[in-house]
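All of the numbers you see were taken from the coordinates with simple rules; none came from a lab. Values in this document were obtained by computation on a predicted structure and should not be read as measured data. Cβ placement follows ideal geometry from the backbone for every residue including glycine, while neighbour counts extend to all protein chains displayed.
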Amino acid sequence: MSGFDLAVVLGAWYDFRDLNNLSRLITEWIADWGPDWLSSIVTGLLGSLGILAVIGPTLLVLIWVERKVIARFQQRYGPNRVGPKGLLQPVADAIKLILKEQLAPRAADKLIFFLPPVLIFVPGLLIWGVLPFGPRMSVADLNVGVLFLLAVSGTGVLVLFMAGWSSNNKYALFGAMRAVAMSISYEVPMVLALLTLVVFSGTMSVNGIVEWQQQEDVIFILLFPLSAIAFFFAASAELNRTPADISEAESEIVAGYHTEYSGMRFGLFYAVELGNTLVISAFIATFFLGGWWLWGLDQWVPSWIILLAKTGAVYFLLIWTRGTLPRLRIDQLMSFCWKALVPATLIFVAVAAVERTLLVTQGWDTTIALPIMAVINIALTLGAVMLFARLARSERLRRPARTTLVRDRVGGLAAAREVASQAGGGD
Amino acid sequence: MTSADDTRSALSGTIETLAGDGSEPVVVNLGPQHPSTHGVFRLKVTLDGEIVQDAEMRIGYLHRSMEKLAEERTYTQNIPFTDRIDYLAAMSNNLAYCLAAEELLGVEVPPRGQAIRVLFAELQRVASHAMANGTFINDCGAWHTPLFYMFRDRERVLDMFEMTCGARLTTNYMRIGGVAFDLPDELLPTLRSFLDDMPDRIASYEDLLMENEILHARARGIGVISPEMAINSSLSGPILRATGVPWDLRKANPYCGYENYEFDIPVGEQGDCFDRFLVRMAEVKQSLRILNQLIDNIPDGPWLADVPLHARPPEGEAYARVESPRGELGFYLVSDGSPAPYRFHCRPPSLINLSALKEMSIGGTLADAIVTLGSIDIVVGEIDR
Amino acid sequence: MSSFGFHLAFWLLAAMTVGGASMIIVSRNLIHAVIYLVISMLGVAGLYLTLSADFIAVVQVLIYVGAISVLMLFAIMLTPRAERNNTETSLKLPAAAVMVLILTATVFVALDTDWGAVRQAALADQARLIGQSLIREYVLPFEIGAVLLTAALVGAIALARHDDEDAAIHAQSLQAEADGTAEDVALLTDPPLVEVEADAGAGEDGGS
């Protein structure tokens, strides 16, 4: 290392590379005079407040970012009227939504109808708890963090179902059924994709997975690209973003499960959706891109800034797919999940298990073995993707869609047959 | 009993067994206020799960009684009504009406007027197809991006409309006997740059969309209609041509001197939603081809024949039809010798094309029905009038 | 473990569990009952957490809250013409009898168990221990469970399959689609009512 000794400032409260220092000092100070239950409550509150303080403003900015980026994809300016560069547009929107009348359908199940906009926040916020912003910066570094993530995100479905069912609206019910069916299906490849990482790194702690990547000097997207792709797609399905936004497909079922929610209740659903997108981007960055670690740069730049930068990159990718792709149909999404993603990720779980066993039992040097495995896995992924593309496209490749240009023949069926036979003969 | 009848009875048997299994069909109202009904059109679908069992179309929410109102106004005063019948292809509607009125009056349009009419009719086709394709992909679930790309081109066309006649959407530009104003000086250079840019633009759209796997999955084999069925249902326009029938009024029954221009009729093979999209893309290219032939060969001379504003046509009737972007657009006028038409009737392609929606959507999913509706390219103003 | 925080958490969670469970019985609406069941399940998961059983708690949420309750909601929604109210049935008395039996057994087991083990230090790395015991000591029950689940999966697929006639039509339409004979697809979904004479719809001369 160069002349600057990192240990000099490490541990001091003003060392903003690790915000845990500040919280630790406060806890120790309380522990000096107060009961120990107070210090644990204060730590929890500090962490939660920290997360809320990050999410609140970030959501406001994110709405602007998403609209601006989408607008650029669509060759327009996006919001640019309220505040500098339109930055206050989300605030204006929120004020408008709060002032709007809150309508509830007369036939709605009142209790269940009022709960979802609030309840939907619970899983969305809880997930942040296990996200490591730095080596020691996570509110709760559970040793089953990966399972916690899956469990908590799975409960969100219930809330969507409550919203869709209680509205007493057919669009909402369709949206809820689609959301539940999709979420249950896509949880399987999501779990399997994470299982590859858990099997290979031998830990279920989120921070443990990051530390494994740091220790082995490799990021998981290189080792298990297919898991990364499967997780990305499954996450975009769980997040209801195109090409898998069928549960609130605007052109089909208006707004899906939140069709009947007006005013700020809709605003809450919208905010949570963005928040979930952000946190899932953060988890994709953590699991597959190395999280807060970046080949030693995390020694110099605060680790949470590195994580946020990676999160931003993943988030941009999600906006990109949203701005580019049309939506798939529900049966196509389901069959893609069960016939493509699940078998592929299942195979990669086996691959990971074999490679892990080889590493452990043979005692190979990881600096040599891991790159070789990465190359093998990338090749396997490419093979799987190409095989799927071949199977899915075979029928279409046989008959490419095209138009025939007809110059001199005008008429009805006879002309149509003649044109068709000529076009067929010319092939 | 033909084999077709056998299939139908077998199919209905299947639906009965499905219902007998204990599933309850759901009736869902799409519209009159719904993001994908392109206006105030109501589609009542009976669903078994996501499968459409029955579809019922309800129209009339935008009825403005135009045909009756037109009987109280002079022939010239009726032209603005035609703008508002198909508000996405006002020029084509102006043209069809004026052709009918000219036939009634026996007016000959000067060559410059003819050429300008062709020019604007084809520009209108480019604009309307841009809109149709954009909203179609929107209905497939793309998040407005293709729509905005297509709007760029439509915008340039509308700019040209504006510089010629002052209006962008409801142009009111054609007159009985020609067109209202001559081309402004700046139009032809603008048109030339537009024609220079468009091939690149279309190539980029084709790069983006033609090979899009999701678009293929959503639109191919969806909303299929056979050529027999299309002809039986009296469909016209891109929907008919997508089934493989080479039927285009510009060739079958040339008007405004279309016989002098060289262009082809693009036809599809399958008659599905994707073929309709392809046919529209190809038609834009053909329209640009016509415009390219036209731009240097606009004859000089008057653009409007001398027709009195209060023209009183002799007693009689006339029917004129044009190939509007949506299909065969016809106007039927009956004169009793007074300055106002005794009967004013429009044959709207959207209404008649829409009638096939039920045939196309039963058996598919709800999402397919939406895509099919988008591919028909309806304009509710034209359906209800 | 500080005793105050621990007791507060325990009583709150116990109230949540028991309260939710009672509301299931009281609730007249089946969907509401499932929501109360979820609350009760979450309370149980919380109790596991106070016992430092992270893994069990998370699995409780993952399986019971995330999957079982959704399954129940689906069963209620997809059962046609079923009563969605918690109406009176003739099974009330037998159900009560069974419940009393189960409650008695639970209380007996609870009183009979030596709870001293709980006071020992929390098990570290439970997930690993559970996994090892599943694969080593209890491998036979584990495998039997796997076979059972596979059988259930196959059964579900068999139930969801269409009958033969339906499958035949489906296969036919798929084949037609694969062959690219679009007219056949149209025939299957909706056959033309009238056999069309060649060029009856649109004349060769173009009219007028």
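Here r is the Cβ-Cβ distance between A:Leu49 and A:Val188 and R0 is 41 Å; the resulting FRET efficiency, rounded to 0.05, is 0.70. The phi torsions of segment B:254-259, fed into the Karplus equation with coefficients 6.51, -1.76 and 1.60 and a -60° offset, translate into couplings of x, 9, 6, x, 5, 5 Hz, rounded to whole numbers, with Gly and Pro shown as x.
In the Gaussian network model of chain B, springs joining C-alpha atoms below 10 Å, which of B:Ser65, B:Ser287, B:Ser233 carries the largest mean-square fluctuation? Most flexible of the set in this elastic network: B:Ser65. If the chain linking B:Asp54 and B:Arg168 were pulled fully straight, counting 0.36 nm for each residue of separation and taking away their Cα-Cα distance, it would gain 37.1 nm. Annotation: amide H of B:Arg175 within the under-5 Å range of B:Ala180, sequence separation 5 or more or interchain, hydrogens built in the peptide plane. Within the listed set A:Val210, A:Val122, A:Val42, the residue fluctuating most in the Gaussian network model of chain A (springs between alpha-carbon atoms under 10 angstrom) is A:Val42.
Once you order the gyration tensor axes a ≥ b ≥ c over the Cα atoms, which shape class does chain B get: rounded for a/c under 1.5, otherwise prolate or oblate by comparing a/b with b/c? It is prolate, given that a/c is not under 1.5 and a/b is the larger ratio.
Annotation for B:Asp197 and C:Leu51: the two label points, set 7 Å from Cα along the Cα-Cβ direction, are 7.1 nm apart. Considering only trypsin sites (Lys or Arg not before Pro) in DSSP loops that have at most 14 other Cβ atoms within 10 Å, the longest stretch of chain A without any of them is A:107-401. Placing a label point 7 Å from the Cα of C:Ile157 along the Cα-to-Cβ line, the residues of segment A:188-203 whose backbone N sits under 18 Å from it are A:188-189. Here the residues B:Asp275, A:Asp245, A:Asp365, ranked from fewest to most Cβ neighbours within 10 Å of their Cβ, fall in the order A:Asp365, A:Asp245, B:Asp275. Placing pseudo-labels 7 Å out from each Cα toward the beta carbon at A:Asp331 and C:Phe74 gives an inter-label distance of 1.8 nm. With respect to chain B, whose longest principal axis is taken over its alpha-carbon atoms, helix B:3-20 is tilted by about 60°. Our note on the geometry: Cα centres of segment B:264-302 and segment B:57-75, 31 Å apart. Here the extension length gained between C:Met99 and C:Ser3 equals 31.2 nm, from 0.36 nm per residue of separation less the Cα-Cα distance. Checking every one of the GluC sites (Glu not before Pro) in segment B:62-148 against DSSP loop status and a limit of 13 other Cβ atoms within 10 Å picks out B:Glu108.
Averaging the sequence gap over all C-alpha pairs within less than 8 Å and six or more residues apart, then dividing by the number of residues, gives segment B:66-384 a relative contact order of 29 percent. Within segment A:211-229, which residues have the backbone N less than 18 Å from the label spot 7 Å out from A:Leu346 along Cα→beta-carbon, could you tell me? Hits in segment A:211-229 for A:Leu346 at 18 Å: A:226-227.
For segment A:361-390, the residues whose amide N sits under 20 Å from a probe point set 7 Å from the Cα of A:Gln299 along the beta carbon direction are A:367.
Sequentially through segment B:48-54, phi angles give Karplus couplings (6.51, -1.76, 1.60; θ = phi - 60°) of 10, x, 9, 8, 7, 9, 8 Hz, Gly and Pro residues having no value and appearing as x. To the nearest 10 degrees, how steeply does helix A:206-216 sit against the main Cα axis of chain A, on a 0 to 90 scale? So the inclination is approximately 90 degrees.
Panel order for A:Phe288, C:Phe142, A:Phe336, by other beta carbons found within 10 Å of each beta carbon, from fewest to most: C:Phe142, A:Phe336, A:Phe288.
Considering only A:Gly145, A:Gly202, A:Gly275, the mean-square fluctuation computed in a Gaussian network model of chain A, springs between alpha carbons under 10 angstrom, is largest for A:Gly202.
With both labels modelled 7 Å from their Cα along Cα-to-Cβ, the C:Tyr138 to A:Gln75 distance reads 6.3 nm. Take every Cα pair under 8 Å in chain A that's 6+ residues apart, average their separations, divide by the length, and report that relative contact order as a whole percent. Reported as a whole number, the value is 18 percent.
Any idea how far the Cα center of segment B:90-163 sits from the one of segment A:134-193, in Å? The distance from the Cα centre of segment B:90-163 to that of segment A:134-193 comes to 48 Å. Checking the cross-link pairs B:Lys44/B:Lys358; A:Lys110/A:Lys170; A:Lys96/A:Lys170 against a 20 Å limit on the alpha carbon distance flags A:Lys96/A:Lys170 as lying beyond it. For B:Thr365, the residues whose modelled amide H falls within less than 5 Å of its own, excluding neighbours fewer than 5 places apart on the same chain, are B:Val52. A Förster distance of 22 Å, applied to the separation of the beta-carbon atoms of B:Ser355 and A:Asp408, puts the FRET efficiency at 0.10. For chain A, the square roots of the Cα gyration tensor eigenvalues, ordered a ≥ b ≥ c, give a/c of at least 1.5 with a/b no greater than b/c, which places it in the oblate category. Amide H contacts under 5 Å for C:Asn29: C:Asn86, restricted to partners 5 or more places along the chain or on a different chain, H placed in the peptide plane at 1.01 Å from N.
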